[in-house]
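Throughout, read-outs are computed from the coordinates displayed, never taken from laboratory work. What you see is a predicted model, and the numbers here were worked out from it, not measured in a lab. Note that we place each Cβ from the backbone using ideal geometry, even for glycine, and neighbour counts take in every protein chain shown.
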Amino acid sequence: MANYREIVTKAVIAKGKKLFTTNNTVKVDKSPSTILGCWVINHNFNGVKSGDNIRISGSYDVNIWYSYDNDTKTEVIKETNTYNEVVHLREREEEATGEEIIVRSLKQPSCVKVDIDGNNINYTIEKELGIELVGDIKVKIETNNEEDPWDEIVEESNIEDEEKKIDEEVKEDFIKEEDNL
């Protein structure tokens, strides 16, 4: 007869990823000639559950290196961007408690496009975030009341006796030699 037990464990109850694209514009004092580089650093974020949705808040710094005055001088402009994204995850388990949100950056924010428009620099940032909702769930398992057989513990002196017994029982003449090979 089988018995059932309930085990409470943490499990991923919802999981998803999303690619976010953001277009930004920064105004500069000097008219840029060429964009020499654009990089994103200091990405920080966290997620909280808000009803049926996950709200992700974060920020990152964008550094744009550009030349001006007919490519004779350069300057770096720094801008801090903040974001608030809302995503909806479909939960796999309905009766979970003690939910915890885990947000991971699957693709760090990076600049994928930069354009010059007069004294404005337009740039596009892409990032991909992975979101997991972890909660306590109950798992019902079947248990068996039968006990596993016990292994017999053999004393060291008995092992030596057993080895001697095996040596005596083994016949070493199992290979017969033929005279005419």
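Points worth noting:
- Net charge over other residues, Cβ less than 10 angstrom from the Cβ of residue 19 (K, R count +1; D, E count -1): +2
- Gain on full stretching of the segment that runs from residue 113 to residue 42 - 0.36 nm per residue minus C-alpha separation: 23.6 nm
- Given charges at Cβ of Lys, Arg, Asp, Glu: the chain dipole, positive-most of 68, 130, 37: 68
- Note that the range 122-130 has calculated 3J(HN,Hα) couplings of 9, 9, 10, 10, 10, 8, 10, 10, x Hz, one per residue in order, obtained from phi through the Karplus relation 6.51 cos²θ - 1.76 cosθ + 1.60 (θ = phi - 60°); glycine and proline are x.
- Peptides ranked, highest mean first, by Cβ atoms within 10 Å: ranges 4-17, 25-38, 56-69: 56-69, 25-38, 4-17
- Taken about its Cα centre, the range 3-142 carries a charge dipole of about 220 debye when Lys and Arg each add +1 at the Cβ and Asp and Glu each add -1 at the Cβ.
- Using just its DSSP H runs of length 4 or more, each adding -39500 (n - 2.57), the chain gives a mean residue ellipticity at 222 nm of -2500 deg cm²/dmol after division by all residues.
- Here the relative contact order of the chain, from alpha carbon pairs under 8 Å that lie six or more residues apart, stands at 32 percent.
- Which labelled figure in (1) 123; (2) 112; (3) 392 is volume of the Cα convex hull per residue in Å³, once derived from the coordinates: (3)
- Volume per residue for the range 15-81 equals 106 cubic angstrom (convex hull of Cα atoms).
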